Amino acid sequence: MIAPWLVAAVPLLGALLGFTVWSRPEKLKTWSVSVTLLSLLAVAASFTHLRGSTEGLLFVVLLPLAACVSLLGQPVHKEHRLAWIMTLVSMGLGLGILTSPSSIGQIALPLLLGLITFLLYWHHDPFWGPSWLGIGTYGLGTLCAGIAAMTDSLLPSLLACAILLPLVPLHHGYVAALTRLPGSLPPFTVLLLPAIGLHRMATVAPNLPDTVASTFIMLALLSALYGTIKALAQSRVRLLLAYGSLSFFSILWWFVTAARTVRPQAAVFLGSVALVTVGLLLAWQVIRTRYGDDVDPRAISGLAARMPQFAVLISLLALAAMGLPPFGVFAGFMGLLLTASPTLSMAPFIIAITWLAASWYILDLVQRLLFGRKRPDLRYEDVQRSEFAALLIVVLFLFALGLAPTNLFGGAGPPARAGVMVESISWTR
């Protein structure tokens, strides 16, 4: 059995050793993927001990998985080397926050947010206003996480949660991370930061005063509507996915603040929404690799006939993103819905609008890419082995989360205890 702190040490040490092959990008990518697999083995080796502290740490498994597929789905290029190393460093800090004692996690969280802030600044566009908003948002998150670590105050902790698990008006950092960070970092941070935010909410939610909880319930519904409207207005795919996932995370905020606790089903819902977004970002990376970073999705059509493997995988991801069974988004949402205590009559209506809008813009995007006129000027090349493996792993895990919810959280059950992210998750019957 491996001590929990070694689970976090594996990717950090792997990132350090990665500099030994820095001059060979292909070797560095292979090494980085190998480190994520070693991290999964370390999680399995320390599983019994981890289960004794926080039973069934779903995100501890999903973080190395998301890092692995994010790295696999990227083309080999020397400009991506820093992103690969930073993915391993971020995974190590994230695993430390989720598995280590609270004192270590409180130190690691400001470090992680500070690292993301620095990376956004390093890659920011001085003429693109949202870059500065994102830098400022994560800078505020770093400050709030530091204050919370020193004082244990409720307000800084709550603000840090709203930045990690994005909620309007503190969503700019999340949008900037998905659109401005390079290489494997955007698909990985989709899961990393919201997972840590939900982990922190398990401690914060039970202590929310009534007025604060009511305010965040209303804010969550407004945020869901805002994310939906912004997603419908986007022509850039990564912005569409950023605002679309924001609307679903806002729905999760409503469930958590209404219940004043983080139920086990919330982890399944968040993990599934994040994995769907990871998969769609990787699918769009396939398009960008072939047709350029600034390609207009409206200029690409007819992929179904010439790229059948890609067509099947992105179609399955679209079905999962639309919240259809048997995938994890549907299972997690239904689990939350069946255990929720409605607080506002308008909430089901807003959630229905969000769901229907997501079905429309995801289906419209995929339909435009796969069907329509075949263009003789386009080079049609199906997914490579690494791209195929990354997308297939995401689809299979979404399928597993949807088909085996009882194995993960044993039905509705009682609310999770404060301070435990997914307390009653069980990996076996």
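Taken together, the values in this text are just the output of simple stated rules run on the coordinates, not laboratory data. Bear in mind the structure is a predicted one, so any value in this text is a computation, not a measurement. For neighbour counting, all protein chains shown are included, and Cβ atoms are generated from backbone atoms with ideal geometry for every residue, glycine included.
What is the fewest-to-most order of 243, 226 by other Cβ atoms lying within 10 Å of their Cβ?
Exposure proxy ranking, most exposed first: 226, 243.
Choose one answer from 141, 244, 14: the residue with the largest mean-square fluctuation in a GNM of the chain with alpha-carbon springs under 10 Å.
14
With charges only on Cβ, +1 for K and R and -1 for D and E, what is the dipole size of segment 330-388 about its Cα centre, in debye, rounded to 20?
200 debye
How do the peptides 58-66, 320-328 rank, highest first, by the average count of neighbouring beta carbon atoms within 10 Å per residue?
Per-residue Cβ counts within 10 Å, averaged per peptide and sorted highest first, yield 58-66, 320-328.
If the elastic network links every pair of Cα atoms under 10 Å, which of 363, 178, 317 fluctuates the most in the Gaussian network model of the chain?
Fluctuation is largest for 363.
Could you give the length gained on full extension between residue 338 and residue 16, defined as 0.36 nm per residue of separation minus the Cα-Cα distance, in nm?
111.3 nm
Set the Förster radius R0 to 25 Å, insert the Cβ-Cβ distance between residue 359 and residue 260 as r into 1/(1 + (r/R0)^6), and round the FRET efficiency to 0.05.
Here the calculated transfer efficiency is 0.25.
With a cut-off of at most 13 other beta carbons within 10 Å, and DSSP calling the residue loop, which trypsin sites (Lys or Arg not before Pro) in segment 184-236 qualify? Please list them.
For trypsin sites (Lys or Arg not before Pro) across segment 184-236 that sit outside H, G, I, E and B with at most 13 neighbouring Cβ atoms in 10 Å, the list reads 236.
Sort 115, 57 so the one with the fewest other Cβ atoms within 10 Å of its own Cβ comes first.
Lowest count first: 115, 57.
Would you please report the Å³ per residue occupied by the convex hull of the alpha carbon atoms in the chain?
Spelled out: Cα convex hull of the chain, divided by residues, is 127 Å³.
Please give the length that would be gained between residue 382 and residue 30 if that part of the chain were fully extended, namely 0.36 nm times their separation in residues minus their C-alpha to C-alpha distance (nm, one decimal).
124.6 nm
I need to check one value: relative contact order of segment 85-234, counting alpha carbon pairs closer than 8 Å and at least 6 residues apart, in percent.
Value for segment 85-234: 22 percent.
At what distance in nm do the modelled label points of residue 143 and residue 404 sit from each other, each positioned 7 Å from its Cα along Cα→Cβ?
Going from the residue 143 label point to the residue 404 one covers 4.5 nm.
Take peptides 212-218, 333-339 and line them up by average Cβ neighbours within 10 Å, highest first, as a rough protection proxy.
333-339, 212-218
How high is the relative contact order of the chain, in percent, counting Cα pairs under 8 Å that sit 6 or more residues apart?
Computed over the chain, the figure is 18 percent.
Under a GNM of the chain (C-alpha, springs under 10 Å), which listed residue has the highest mean-square fluctuation: 340, 274, 258?
340
By how many nm would the segment from residue 152 to residue 123 lengthen if fully extended, with 0.36 nm per residue of separation less the alpha-carbon distance?
Between residue 152 and residue 123, full extension yields 7.2 nm more.
Based solely on its DSSP helices, what 222 nm [θ] is calculated for the chain when runs of n ≥ 4 H residues each add -39,500 (n - 2.57) and the sum is averaged over all residues, nearest 500 deg cm²/dmol?
The helix contribution divided over the chain gives -24500 deg cm²/dmol.
Under a Cβ-only charge scheme (Lys and Arg +1, Asp and Glu -1), can you give me the dipole magnitude of segment 275-393 about the Cα centre, in debye to the nearest 20?
Roughly 300 debye for segment 275-393.
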